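Single-structure report; data block below.
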Protein chains: 2
Amino acid sequence: MKSELDIFREFLKKKGMRYTPEREIIIKEIFSIHDHFDVDSLYISMRKKEARVSKASIYRLIPLLIEANLIEEVFFDRGQMYYEHIYGHEHHCHLRCVNCKQILEFNDPRLKEIERDLADKFNYKILRHKLEVMGLCQKCQDEQE
Amino acid sequence: MKSELDIFREFLKKKGMRYTPEREIIIKEIFSIHDHFDVDSLYISMRKKEARVSKASIYRLIPLLIEANLIEEVFFDRGQMYYEHIYGHEHHCHLRCVNCKQILEFNDPRLKEIERDLADKFNYKILRHKLEVMGLCQKCQDEQE
DNA sequence: GGCTTATTGACAATGAATAACAATCTCTGT
DNA sequence: ACAGAGATTGTTATTCATTGTCAATAAGCC
């Protein structure tokens, strides 16, 4: 399987854009985090590692990585967007506790079925879906009593 | 069926909060719009009708309406959040064309099943879900050839 | 190596959303 | 109906994620 960097290199080539060390270290950082991330925490963790890039460069890179299907917006919370990398990972959805903010991942084959039915019914070519389920985890249910 | 205002009145009572004319006209405006809305366009359409409230009051009301299960965040796009009212409306999800931004609504009973299974599997009390399906509508598919 | 031009970092700017605060209004108890 | 407590309002200032600007730099092609 091609590496994320190779995928992105090809993507840049096709668009007449350049492969720079800044883009490389940001991508390496993103793909070393196996969790959701936001721009600010990414920036901070890179600074700690002496991997210095400006925050602007991160903001500029993100739409490109999305277009290249390497990362995806996951959800927007408390004024900022969270992302996760999707290349090389099985697609999954998120179950979130609205109280303690715990996030669980799950997948369900019925979503593929729903996609197929929507494609038929509305003549759409389905590209992807995003399902967020909000609820209360066991612990937070208990505490509310 | 109770009106949105009655529901909200009870909600405020239970929380020891007050029912004000500002809150009333904002709610009336929201429930007269049968579509997605954002704070800014709501504010503008209210100004046109001489229904003057400050934008701050709208921002302050929205989390309360969400808590009262009258409205819901639908999606975040171009830096702002979009909402729709849900009380008195059957729950539905959104199918969006990524190219022309058309939005279709649909519902699928399998989502309820998925919710039930998640509740069992993870001991969650499910409150709601949000499914966005992204794709290309027929027209945009044709144009891409 | 040299040239073109995309990209970078630093800084300023934008804009949605939130906070502060004094003036006002709701609601409860009398 | 009245008064007092305290919630809510509009105004204004502030926050903070994200985007724009621009001169300096560097990638990629010859």
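The values are calculated or read from the model by the stated rules, or taken from the named source; none is laboratory data. Model, not experiment: these values are computed from the prediction. Cβ atoms come from the backbone with ideal geometry, glycine included; neighbour counts cover every protein chain shown.
Residues in the range A:111-145 that are assigned to a helix (DSSP H, G or I), more than 7 Å from chain B (Cβ to nearest Cβ) and not charged (D, E, K, R): A:LEU111, A:ALA119, A:CYS140.
Residues in the range A:85-102 that are surrounded by 18 or more Cβ atoms within 10 Å (Cβ to Cβ) and out of contact with any helix residue (DSSP H, G or I) (no Cβ under 9 Å at 6 or more places or on another chain): A:HIS94, A:ARG96. Within the range B:126-145, the residues that satisfy the criterion of being farther than 22 Å from B:TYR83 by Cα and surrounded by 15 or more Cβ atoms within 10 Å (Cβ to Cβ) are B:LEU136, B:CYS137, B:CYS140, B:GLN141. Annotation note: Cβ proximity below 7 Å between a residue of the range B:14-32 that is of a type outside the set (A, V, I, L, M) and a residue that is assigned to a helix (DSSP H, G or I) and within 14 Å of DNA strand C (Cβ to nearest atom) (sequence gap 6+ or interchain) occurs for B:ARG18/B:LEU12; B:TYR19/B:ARG9; B:TYR19/B:LEU12; B:GLU22/B:SER57; B:ARG23/B:LEU61; B:GLU24/B:LEU5; B:GLU29/B:LEU42.
Report yes if some residue within the range B:97-112 is within 16 Å of DNA strand D (Cβ to nearest atom) and of a type in the set (Phe, Trp, Tyr); otherwise report no. Give the derivation first.
To start, the set of residues in the range B:97-112 that are within 16 Å of DNA strand D (Cβ to nearest atom) comprises none.
No, the conditions are met nowhere in the range B:97-112.
Looking only at the range B:1-43, count every residue that is among the hydroxyl-bearing types (Ser, Thr, Tyr), under 22 Å from B:ARG78 (Cβ atoms) and in contact with a Lys or Arg (Cβ under 9 Å, 6 or more places away or on another chain) and tell me the total.
The qualifying residues number 1.
Look at the range A:39-52: where a residue is within 12 Å of DNA strand C (Cβ to nearest atom) and a partner is part of a helix (DSSP H, G or I), sitting 6+ places away or on another chain with Cβ atoms under 8 Å, you get A:TYR43/A:LYS55; A:TYR43/A:ILE58; A:MET46/A:ILE25; A:MET46/A:ILE26; A:MET46/A:GLU29; A:ALA51/A:ILE25; A:ALA51/A:GLU29; A:ARG52/A:MET46. Taken as a whole, the range B:121-131 holds at least one residue that is outside the structural domain of B:GLU10 (by TED's automatic domain parsing), modelled with pLDDT of 95 or more and β-branched (Val, Ile, Thr). Step by step: first the residues of the range B:16-53, then only those that are at pLDDT 95 or above and of a type in the set (D, E, K, R), then the one that is surrounded by the most Cβ atoms within 10 Å (Cβ to Cβ). Which residue is that? For the range B:16-53, the residue satisfying everything is B:ARG23. Take B:GLU84 and tell me if it is more than 13 Å from DNA strand D (Cβ to nearest atom), among the acidic types (Asp, Glu) and touching a His at 6+ places or on another chain (Cβ under 6 Å). When the stated conditions are applied, B:GLU84 passes them. Selection of the range A:94-105 for residues being facing chain B (nearest Cβ under 9 Å) and either β-branched (Val, Ile, Thr) or in contact (Cβ under 8 Å) with a residue 24 or more places away in the chain (or both) yields A:LEU95, A:CYS97, A:VAL98.
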